[in-house]
Amino acid sequence: MAIESKKGSERNDIFLDNDSEDLATEVFFKDQGGKALKYRRSYFDDSYGIIDGVALGLGRAVMPAHLISSNTDIKVIKGYKPYTVDVVLHYYQQPFYSKLHQAVIDSLTNHAGKYL
């Protein structure tokens, strides 16, 4: 989701990101189709710092919905379609999995979708 401060900002052409290798903002805008948006980037290397920066009016950002749902100082920018990303669970193959490991895999596989 593209977000901005509820108070507004004069830095609407700046998008806050984690670092120069974070392609989330670029991929989000490519997925929107249409004319490419020109923007500058500012790096915070901290997702919650990015959200705080947006709330303070330091720029806009593209963030996952579950990280911004309870923040009352920011708003979703209208006009953008949601961008979805698959969540993939990776773990090393083992000859034996403990009951705890199996329970964690089962819980994540069957219930994590409700929270993302």
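The values are calculated or read from the model by the stated rules, or taken from the named source; none is laboratory data. Note that this is a predicted model, so its numbers are computed, not measured. Cβ coordinates were reconstructed from backbone atoms using ideal geometry, including for glycine residues, and neighbour counts include every protein chain displayed. Accessible surface areas use protein heavy atoms only, side chains included; no ligands, DNA or RNA. Shrake-Rupley method; radii C 1.70, N 1.55, O 1.52, S 1.80 Å.
Can you spot the lysines whose alpha carbon is less than 16 Å from K30's alpha carbon? Ignore those fewer than 8 places along the same chain.
Excluding near neighbours in sequence, the set is K38, K81.
Give or take rounding to whole Å, what are the principal axis extents of the alpha carbon atoms in the chain, in descending order?
Rounded to whole Å, the extents work out to 56, 30, 25 Å.
Assuming a viscosity of 1.306 mPa s and a temperature of 10 °C, what translational diffusion coefficient in µm² per second does Stokes-Einstein assign to segment 23-65, Rh being the Kirkwood radius over Cα pairs? Write out the running numbers ahead of the final one.
Working: Rh = 11.4 Å.
In µm²/s, the coefficient is 139.
In debye, nearest 20, what is the charge dipole magnitude of segment 59-116 about its Cα centre with +1 on Lys and Arg Cβ and -1 on Asp and Glu Cβ, if you could check?
Working: 6 positive and 3 negative charges, 54 e Å.
Using only the charged Cβ atoms, the result is roughly 260 debye.
Within segment 6-74, report the trypsin sites (Lys or Arg not before Pro) that DSSP leaves as loop and that have at most 11 other Cβ atoms within 10 Å.
Numbers: sites: K6, K7, R11, K30, K35, K38, R40, R41, R60; in loops: K6, K7, R11, K35, K38.
Filter output for segment 6-74: K7, K35, K38.
Which chymotrypsin sites (Phe, Trp or Tyr not before Pro) does segment 1-110 hold that lie in a coil by DSSP with at most 10 other beta carbons within 10 Å?
Values: sites: F15, F28, F29, Y39, Y43, F44, Y48, Y80, Y83, Y91, Y92, F96, Y97; in loops: Y39, F44, Y80, Y83, Y91, Y92, F96, Y97.
Qualifying residues, ordered by number: Y91, Y92, F96.
Let me have the relative contact order for the chain, percent, based on Cα pairs under 8 Å that are six or more residues apart. The partial results should precede the final answer.
Details: 139 pairs, mean separation 43.5, N = 116.
Rounded, it is 38 percent for the chain.
Using a 1.4 angstrom probe, figure out how much accessible area segment 42-116 has per residue, in square angstrom, rounded to the nearest whole.
The answer is 79 Å² per residue.
Quick one: pull the percent of accessible area on the chain belonging to carbon and sulfur, 1.4 Å probe, ligands and nucleic acids left out.
Values: 4650 of 8660 Å².
Looking at the chain in its full context, I get 54 percent from C and S.
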